[in-house]
Amino acid sequence: MRFISKRRLPAIIGLLAGTGLLVLAVPHTIAAMLLALSTQRYDYISNPNTSDTTLGELYDTTMDAIDWVPTSKAWTRIGYIEMERAKRADTTEDQTDHYLKADSAFTSALTISPMDTYTWTRLTFTRLKTGGATDGTAVESLRMSLLTGPYERNIAVNQISYAVSLWSQLTPAEQHDIQEKIRWIDTLEHRDLVALAKRNSSALEITVGAMSTAPTNLFQRFIRDINKPGSNTK
């Protein structure tokens, strides 16, 4: 048997390593391509003109990508698709079933990317839709949402809304943090906060209570805009 030349050994090792990396890269490349090719249609899943058939095709394509490589991005897409299906459901049973599937998908995404604030926030929503307010799972996911994204402007009003629904389950310290968040987001998303305050008596009580310790001009503006007729405020 002829021995491999010491000069050729590094080249052979490099070839084997390169081949191994290529083999590992192929599944990731295919999964990324499947997601990329369907992104344009996925961006319009909430459009009423997007058919149920299209939602099904997007679901299948995304699951194909997951079969190659399960990524947080892909599982999150499945969650949003199921949420859209829940909105379109004809019966309460079907709606709950889709929210449960969305919950499972978001949970899978978080096992891969546990610091994703947006996914924790969406998980809180699906748990509120599926009994999580009574079994403690909704407040658990809300806490993670607040922990990983205490100053995420785009979801702050949603976090406050979910906190209002779970107010009695929050500790005094957590309630204090939410009140601070209310005063902070009022300076950035005043219109959305006012709309939340008008939603129900609990939201009104909590937001007004928080704003009562804000600077006088901000509190007066908040009260004035709450009392305005209609939903549009400035």
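Taking the range 128-145, which residues are under 12 Å from the mean Cα position of the chain (by Cα) and not small (Gly, Ala, Ser)?
142, 144
All conditions but one from (1) touching a residue at least 40 places away in the same chain (Cβ under 8 Å); (2) of a type in the set (Phe, Trp, Tyr); (3) under 24 Å from residue 163 (Cα atoms) apply to residue 99; the one that does not is (1). Looking across 104, 201, one residue alone is surrounded by fewer than 20 Cβ atoms within 10 Å (Cβ to Cβ) and over 30 Å from residue 225 (Cα atoms). It is 104. Hey, does the range 189-197 have a residue that's open to solvent by 20 Å² or more (accessible area, probe 1.4 Å), of a type outside the set (Asp, Glu) and more than 26 Å from residue 109 (Cα to Cα)? Yes, there is a match, as at least one residue in the range 189-197 is open to solvent by 20 Å² or more (accessible area, probe 1.4 Å), of a type outside the set (Asp, Glu) and more than 26 Å from residue 109 (Cα to Cα).
So, residue 111, is that one at pLDDT 95 or above and open to solvent by 50 Å² or more (accessible area, probe 1.4 Å) or not? Yes, satisfied. Applying a threshold of 7 Å to beta carbon distances and a minimum spacing of six or more residues, or different chains, the list of pairs starting in the range 136-148 at a residue that is over 13 Å from residue 177 (Cβ atoms) and ending at one that is of a type in the set (Phe, Trp, Tyr) and buried (at least 17 other Cβ atoms within 10 Å of the Cβ) reads 141/120; 144/120; 148/120. The set of residues in the range 37-54 that are open to solvent by 20 Å² or more (accessible area, probe 1.4 Å), in contact (Cβ under 8 Å) with a residue 24 or more places away in the chain and either within 16 Å of residue 106 (Cα to Cα) or part of a helix (DSSP H, G or I) (or both) comprises 37, 42, 52. From the list 57, 84, the lone residue that is modelled with pLDDT of 95 or more, acidic (Asp, Glu) and crowded, with 17+ Cβ neighbours inside 10 Å is 84.
Scanning the range 89-96 for residues that are touching a residue at least 12 places away in the same chain (Cβ under 8 Å), over 19 Å from residue 142 (Cβ atoms) and within 15 Å of the chain's Cα centre (by Cα) turns up nothing.
The values are calculated or read from the model by the stated rules, or taken from the named source; none is laboratory data. From a predicted model like this one, the values you see are computed outputs, not experimental measurements. Virtual Cβ from ideal backbone geometry, glycine too; neighbours counted across all protein chains shown. Remember, those area values only see protein heavy atoms, side chains included, never the ligands or the DNA or RNA. Shrake-Rupley method; radii C 1.70, N 1.55, O 1.52, S 1.80 Å.
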